[in-house]
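Novice: Here's a structure for you.
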Amino acid sequence: MSEEKMITLETEEGENVDFYVLEETKINGMSYLLVTDTEDEDGECYILKDRSKAEEEEAVYEFVEDDSEIDYLFKIFTELMEDMDIELEK
(Lines give C-alpha, C1' and ligand atoms only; values in the text may rest on other atoms or scores of the structure.)
Protein backbone atom coordinates (compact mmCIF):
# COMPACT_ATOMS: atom_id res chain seq x y z
CA MET A 1 0.00 0.00 0.00
CA SER A 2 1.58 3.23 -1.05
CA GLU A 3 -0.26 5.67 1.21
CA GLU A 4 -1.74 4.12 4.33
CA LYS A 5 -5.11 5.39 5.41
CA MET A 6 -6.70 3.92 8.50
CA ILE A 7 -10.10 4.12 10.08
CA THR A 8 -11.17 2.99 13.52
CA LEU A 9 -14.59 1.46 14.10
CA GLU A 10 -16.23 0.92 17.45
CA THR A 11 -17.93 -2.43 18.00
CA GLU A 12 -21.25 -2.83 19.81
CA GLU A 13 -19.20 -3.89 22.85
CA GLY A 14 -17.29 -0.58 22.79
CA GLU A 15 -14.03 -2.04 21.43
CA ASN A 16 -12.03 -0.06 18.86
CA VAL A 17 -10.93 -1.97 15.76
CA ASP A 18 -8.52 -0.52 13.19
CA PHE A 19 -8.86 -1.13 9.45
CA TYR A 20 -6.57 -0.16 6.58
CA VAL A 21 -8.38 1.47 3.66
CA LEU A 22 -7.41 -0.15 0.35
CA GLU A 23 -9.82 1.71 -1.93
CA GLU A 24 -12.89 3.89 -1.82
CA THR A 25 -15.61 4.66 -4.33
CA LYS A 26 -18.95 6.40 -4.59
CA ILE A 27 -21.87 4.71 -6.38
CA ASN A 28 -25.29 6.34 -6.76
CA GLY A 29 -24.40 8.88 -4.06
CA MET A 30 -23.36 6.18 -1.55
CA SER A 31 -19.74 5.96 -0.39
CA TYR A 32 -18.06 2.58 0.04
CA LEU A 33 -14.69 1.55 1.45
CA LEU A 34 -12.71 -1.61 0.80
CA VAL A 35 -10.76 -2.25 4.00
CA THR A 36 -8.49 -4.91 5.42
CA ASP A 37 -7.74 -5.91 8.98
CA THR A 38 -3.96 -6.17 8.54
CA GLU A 39 -1.03 -4.74 6.61
CA ASP A 40 -0.03 -8.27 5.59
CA GLU A 41 -0.86 -9.65 2.16
CA ASP A 42 -3.12 -12.34 3.58
CA GLY A 43 -5.54 -10.12 5.49
CA GLU A 44 -9.30 -10.34 5.38
CA CYS A 45 -11.09 -7.70 3.29
CA TYR A 46 -14.42 -6.11 4.10
CA ILE A 47 -16.68 -3.66 2.31
CA LEU A 48 -18.08 -0.82 4.40
CA LYS A 49 -20.96 1.49 3.51
CA ASP A 50 -21.07 5.08 4.78
CA ARG A 51 -24.47 5.47 6.46
CA SER A 52 -23.83 8.92 7.97
CA LYS A 53 -25.96 11.92 7.21
CA ALA A 54 -24.47 15.09 5.70
CA GLU A 55 -24.85 17.02 8.96
CA GLU A 56 -22.95 14.43 11.03
CA GLU A 57 -19.33 15.28 11.88
CA GLU A 58 -18.07 11.70 11.90
CA ALA A 59 -18.77 9.04 9.31
CA VAL A 60 -20.92 6.09 10.35
CA TYR A 61 -19.93 2.88 8.57
CA GLU A 62 -21.61 -0.49 8.48
CA PHE A 63 -20.45 -3.76 6.97
CA VAL A 64 -22.13 -4.66 3.69
CA GLU A 65 -23.83 -8.01 4.31
CA ASP A 66 -26.20 -8.42 1.37
CA ASP A 67 -24.70 -11.06 -0.97
CA SER A 68 -25.86 -9.43 -4.20
CA GLU A 69 -24.54 -6.03 -3.09
CA ILE A 70 -21.21 -7.64 -2.08
CA ASP A 71 -20.93 -9.38 -5.49
CA TYR A 72 -21.59 -6.11 -7.33
CA LEU A 73 -19.15 -4.10 -5.20
CA PHE A 74 -16.50 -6.82 -5.35
CA LYS A 75 -16.45 -6.55 -9.15
CA ILE A 76 -16.13 -2.77 -8.97
CA PHE A 77 -13.32 -2.84 -6.40
CA THR A 78 -11.50 -5.54 -8.38
CA GLU A 79 -11.56 -3.28 -11.46
CA LEU A 80 -10.47 -0.25 -9.45
CA MET A 81 -7.51 -2.14 -8.05
CA GLU A 82 -6.28 -3.75 -11.30
CA ASP A 83 -3.16 -1.57 -11.39
CA MET A 84 -2.25 -2.15 -7.74
CA ASP A 85 -0.15 -5.05 -6.54
CA ILE A 86 -3.02 -6.50 -4.52
CA GLU A 87 -4.94 -9.64 -5.43
CA LEU A 88 -8.53 -9.86 -4.24
CA GLU A 89 -10.16 -13.23 -3.68
CA LYS A 90 -13.76 -13.79 -2.82
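Novice: Please enumerate the residues belonging to the stretch 12-24 that are open to solvent by 30 Å² or more (accessible area, probe 1.4 Å), over 12 Å from residue 61 (Cβ atoms) and either in contact (Cβ under 8 Å) with a residue 12 or more places away in the chain or polar (S, T, N, Q) (or both). Spell out the reasoning first.
Specialist: Looking only at the stretch 12-24, we keep the residues that are open to solvent by 30 Å² or more (accessible area, probe 1.4 Å), and these are 12-18, 20, 23-24.
Cutting the leftovers down to over 12 Å from residue 61 (Cβ atoms) gives us 12-16, 18, 20, 23.
Within the stretch 12-24, 16, 18, 20, 23 qualify.
Novice: Within the stretch 55-67, count every residue that is open to solvent by less than 100 Å² (accessible area, probe 1.4 Å) and either under 23 Å from residue 79 (Cα atoms) or not charged (D, E, K, R) (or both). Please lay out each step first, then the result.
Specialist: Residues of the stretch 55-67 that are open to solvent by less than 100 Å² (accessible area, probe 1.4 Å), as a first pass: 56, 59-64, 66.
Add one more test, that the residue is either under 23 Å from residue 79 (Cα atoms) or not charged (D, E, K, R) (or both), and what stays is 59-64, 66.
Residues meeting the conditions: 7.
Novice: Name the residue that is modelled with the lowest pLDDT, counting only residues in the stretch 33-49 that are of a type outside the set (Ser, Thr, Tyr) and assigned to a loop (DSSP other than H, G, I, E, B). Full working, then the answer.
Specialist: Initially, the stretch 33-49 is screened for residues of a type outside the set (Ser, Thr, Tyr), giving 33-35, 37, 39-45, 47-49.
From what's left, assigned to a loop (DSSP other than H, G, I, E, B): 37, 39-44.
Details: 37: 87, 39: 79, 40: 73, 41: 68, 42: 74, 43: 79, 44: 87.
Once the filter is applied, the top-ranked residue is 41.
Novice: Anything in the stretch 26-42 that is exposed (fewer than 15 other Cβ atoms within 10 Å of the Cβ) and either under 11 Å from the mean Cα position of the chain (by Cα) or not polar (S, T, N, Q) (or both)? List them, or say none.
Specialist: Within the stretch 26-42, the first condition is being exposed (fewer than 15 other Cβ atoms within 10 Å of the Cβ), and the residues that meet it are 26-30, 37-42.
Of everything in the stretch 26-42, those that are exposed (fewer than 15 other Cβ atoms within 10 Å of the Cβ) and either under 11 Å from the mean Cα position of the chain (by Cα) or not polar (S, T, N, Q) (or both) turn out to be 26, 27, 29, 30, 37, 39, 40, 41, 42.
Novice: So which of 52, 2 is open to solvent by less than 100 Å² (accessible area, probe 1.4 Å), outside any strand (DSSP E or B) and modelled with pLDDT under 90? If you could, list the steps in order and put the result at the bottom.
Specialist: Working: 2 fails: open to solvent by less than 100 Å² (accessible area, probe 1.4 Å).
Exactly one of 52, 2 is open to solvent by less than 100 Å² (accessible area, probe 1.4 Å), outside any strand (DSSP E or B) and modelled with pLDDT under 90, namely 52.
Novice: Taking the conditions exactly as written (within 20 Å of residue 7 (Cβ to Cβ) and within 12 Å of the chain's Cα centre (by Cα)), does residue 80 satisfy them or not?
Specialist: Values: within 20 Å of residue 7 (Cβ to Cβ): yes; within 12 Å of the chain's Cα centre (by Cα): no.
No, not satisfied.
The values are calculated or read from the model by the stated rules, or taken from the named source; none is laboratory data. Quick caveat, the model's predicted, so the values are computed rather than measured. Reconstructed Cβ throughout: ideal geometry from the backbone, glycine too, with neighbour counts over all protein chains shown. To get the accessible areas, we keep the full protein, side chains included, count just its heavy atoms, and leave off ligands, DNA and RNA. Shrake-Rupley method; radii C 1.70, N 1.55, O 1.52, S 1.80 Å.
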